[in-house]
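Q: The structure that follows is given in the form of structure tokens.
The values are calculated or read from the model by the stated rules, or taken from the named source; none is laboratory data. Keep in mind the model is a prediction, meaning the values are calculated, not measured. Cβ placement follows ideal geometry from the backbone for every residue including glycine, while neighbour counts extend to all protein chains displayed. With ligands, DNA and RNA removed, areas are computed over all heavy atoms of the protein, side chains included. Shrake-Rupley method; radii C 1.70, N 1.55, O 1.52, S 1.80 Å.
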Amino acid sequence: MFSVVQTNFNGIDGIEYQQQKRPQITDNGVIVKMKVLPVLPSDFKKETSPNATSDKSTALPRIIGMGGVGQVVEVGKKRDQNLLNKRVLVMTPTGAYSHYVLSEKTDSLLPLPATVDDQSAATLFAGPGIALTLKKEIDQSETKNIIITGANSVVGLYLLQMLDNKQKKHLAACHSC
């Protein structure tokens, strides 16, 4: 399979396609065939700075990307077998820009409903995309009382700036929840 790999911190010049082995299924794993791969601001930062993040993903060479949308093609023995052939949003700090990704964390895999297309789901990785999606749901909701938790996060701050407080009777933001 091909992967998009960062080999140095010289920006786009340090990115190349590399042939790699397809990940092997583990008992707790799910293999996802990737379809949509968003580009995030954090990806650009990591291309030029070894100090952009404090996680292990700055060790080179590394597959770029934090996640994307794909279809489950293989499920490990200890995972829900109903995931097979499901479209999912997968988050993986070990790199998503590959034909196939191994996901071993249950909270890093979100099955997608048929009403959400791949491109819309992929926007959920960026703060503005999540905030826009939440705003759309709030705008369409008949609910009068809305509580936003985590409003001190990037997503929460974007969302609060986009909402019209007159639109809902009670809009509460919890900054320390």
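Q: Could you please let me know if V5 is open to solvent by less than 30 Å² (accessible area, probe 1.4 Å) and modelled with pLDDT under 95?
A: Values: open to solvent by less than 30 Å² (accessible area, probe 1.4 Å): yes; modelled with pLDDT under 95: yes.
Yes: the conditions hold for V5.
Q: Tell me, which strands (runs of 3 or more DSSP E) lie completely within the range 71-177 with 3 or more residues that are closer than 17 Å to V36 by Cβ and modelled with pLDDT of 65 or more? First the steps, then the outcome.
A: Details: elements: 87-91, 100-103, 109-111, 145-149, 170-174.
Because the criterion is at least 3 residues that are closer than 17 Å to V36 by Cβ and modelled with pLDDT of 65 or more, the strands (runs of 3 or more DSSP E) in the range 71-177 that meet it are 87-91, 100-103, 109-111.
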